[in-house]
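One structure is given below, encoded as structure tokens.
The values are calculated or read from the model by the stated rules, or taken from the named source; none is laboratory data. Note that the structure is a prediction, hence the values are computed from the model and not measured. Using ideal geometry, Cβ is built from the backbone for each residue, glycine included, and neighbour counts are taken over all protein chains shown. Areas reflect the complete protein model, heavy atoms only, side chains present, ligands, DNA and RNA absent. Shrake-Rupley method; radii C 1.70, N 1.55, O 1.52, S 1.80 Å.
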Amino acid sequence: MTRVLVLNGPNLGRLGVREPEIYGHATLADLEKAAGKWGSELDLAVEVRQTDDEATLLTWLHEAVDTRAHVVLNPAAFTHYSYGMRDAAAQVTGSGLTLVEVHLSNPATRESFRHLSVVAGVATGSIAGFGFESYRLALEAVASRTR
């Protein structure tokens, strides 16, 4: 089975509570359940993780390279300014793995500081604005690229 790490950055552990008008009412536990189901349907071994710590997220991206796991990444706030995140993501794609950047909302329709993604330029692709469906679409993209 193809292994995929679904990595989530800061504040995504607050899904369902934080700004539900933007991020919806579903929780991180709901995402874990849905991603596991989608992964099974796509013959992917999916592991969902979340951290508010930038260093931990970078370590997980390094792990993806070292263990040959593809990545679905929601860098959250780190999207807009973390060059460390960008460099770690570049290692994933530079090693021939797929990395799909995802966002629940569409950053391009929000505050201007959210319009820039430092990760997008090194990601295989980006999916935004479809809520949890962004993750399903990302997993489908990984599955199609690894068949």
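The fraction of accessible area contributed by carbon and sulfur in the chain is 51 percent, rounded to a whole number (1.4 Å probe; ligands and nucleic acids excluded). Computed with a 1.4 Å probe over protein heavy atoms only, the accessible surface of the chain comes to 46 Å² per residue. Under the convention that each Lys and Arg Cβ holds +1 and each Asp and Glu Cβ holds -1, the size of the dipole of segment 1-62 around its Cα centre is about 120 debye. Look at the dipole of the chain built from charges on Cβ: of T51, A141, F78, the Cα furthest out on the positive end belongs to A141.
Percent antiparallel among DSSP beta bridges with both residues in segment 1-90, to the nearest 5?
Rounded to the nearest five, the antiparallel share is 0 percent.
Show log10 I(q)/I(0) for the chain at q = 0.09, 0.12, 0.13 Å⁻¹, two decimals, from a solvent-free Debye sum over equal Cα scatterers. Result of the Debye calculation: -0.23, -0.42, -0.49.
Charging the Cβ of each Asp and Glu at -1 and of each Lys and Arg at +1, and nothing else, the dipole of the chain about its Cα centre rounds to 240 debye. Please list, in chain and number order, the residues 5+ apart from V6 or on another chain whose amide H is under 5 Å from its amide H, with Hs placed from the backbone. It is E47, V48, R49, V72, by chain and number. In segment 40-95, the ratio of gyration radius to Kirkwood radius, Rg to Rh, stands at 0.97 when only Cα atoms are counted. S126 sits with roughly 70 Å² accessible to a 1.4 Å probe, with DNA, RNA and ligands left out of the calculation.
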